[in-house]
1. It is to be established whether one or more residues within the stretch 297-309 are β-branched (Val, Ile, Thr) and open to solvent by 10 Å² or more (accessible area, probe 1.4 Å).
2. Looking at (1) free of Cβ contacts under 8 Å to residues at least 60 places away in the same chain; (2) surrounded by 24 or more Cβ atoms within 10 Å (Cβ to Cβ), which is the only condition Asn247 fails?
3. For the stretch 224-233, state whether one or more residues are within 23 Å of Asn133 (Cα to Cα), out of contact with any Leu (no Cβ under 8 Å at 6 or more places or on another chain) and open to solvent by 30 Å² or more (accessible area, probe 1.4 Å).
4. Take the conditions closer than 12 Å to Val190 by Cβ and not in a strand (DSSP E or B) and apply them to Val223. Does it pass?
Amino acid sequence: MSYTGPDHDPAPPRRGRRPLTVAVAALVPGALLGWLVYEAVGAPAEERTPRRATASSPAVTSRPADPAPTPAPDDDKPSPSPTTAADGPLKGKVVVIDPGHNPENFRHPSEINGKVDIGTGRKECDTTGTSTNSGYPEADFTLDVAHRLRALLQQQGATVKLTHDADRPYGPCIDERARIGNQARADAVVSIHADGSASGNRGFHVILPAPVHQGAADTRPIVASSRDLGERIAGNFVRVTGSAPSNYVGDGTGLVTREDLGGLNLSTVPKVFIECGNMRDSKDAALLTSGAWRQKAAQGLSEGITSFLRG
Ligand code: ZN
């Protein structure tokens, strides 16, 4: 189906897997413990927080587990962007947020199916993205999380730019998405997605750029910094959301390296994708459709990005 967008949805080959950093590796077991506790007691999705699972992890003793952000009602819209905090810790830092897909892409099949150059080949301009079985579109999810993340980063003083804000008829194409981050000279870029995999496949994964040097693509200068960004996002995403790393790619690390994504291949600044969960799994969909959970997802992303930018 068209929702299985070729730019990110197919399960990637298991390649380039490398050991996690100690910090992330130490965080994961705690999160998995929380996951198992949740599964055993059947707590409502909104209550699945990192709570005591992370508090028991020695790796986070230097950084106290955050209280869960004040939950918003599920249909709550993210807060309007506050004025940038002039003297926040991220003052002078530029973050580009790339909300995957566009809610209007499905109206423009010929445009989004047009091919663009991604260095290693040619690929569709963009895809429609997936949706939950009940019809919540990935493109709506990615925009909502992007708005929440923008607000959190601006509170820290960062300059934040979105690659689009449903303010254009379709796209941008994947090459332009990369270009926007490059031209902004972003200190970090995150492309937000949710996956469209088989039911039973659960959890999040962060996608890192592989070393690619072909045509217009040369990721060699950003591979290491992007891995650092991705590991920090994965660790904080586990801690804040309580979600487990993917059980279907990444061998439990929550990290996957790919060389077939134009948005990564063409980036000249540190960049990762995140698949926040699997929209086609009913349990993951219950999280992804929850405004309270999306706020946690944004918080986890924000803390990972902040950790990266502050070194
Ligand atoms: Zn996507």
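1. Within the stretch 297-309, one or more residues are β-branched (Val, Ile, Thr) and open to solvent by 10 Å² or more (accessible area, probe 1.4 Å).
2. Only one criterion in (1) free of Cβ contacts under 8 Å to residues at least 60 places away in the same chain; (2) surrounded by 24 or more Cβ atoms within 10 Å (Cβ to Cβ) is unmet by Asn247, namely (2).
3. No: zero hits.
4. Answer is no for this residue.
Listed here are the residues, each with its yes/no results for (1) aliphatic (A, V, I, L, M); (2) over 30 Å from Arg220 (Cβ atoms); (3) within 12 Å of the ligand (Cβ to nearest atom).
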site	(1), (2), (3)
Arg107	no, yes, no
Ser110	no, yes, no
Val116	yes, no, no
Gly121	no, no, no
Thr128	no, yes, yes
Phe141	no, yes, yes
Ala146	yes, no, no
Leu152	yes, yes, no
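The values are calculated or read from the model by the stated rules, or taken from the named source; none is laboratory data. This structure is a prediction, so every number in the text was calculated from the model and none was measured. Here Cβ is always computed from backbone atoms with ideal geometry, including for glycine, and neighbour counts include all displayed protein chains. When the accessible area is computed, the model is the full protein with side chains, heavy atoms only, and any ligands, DNA or RNA have been set aside. Shrake-Rupley method; radii C 1.70, N 1.55, O 1.52, S 1.80 Å.
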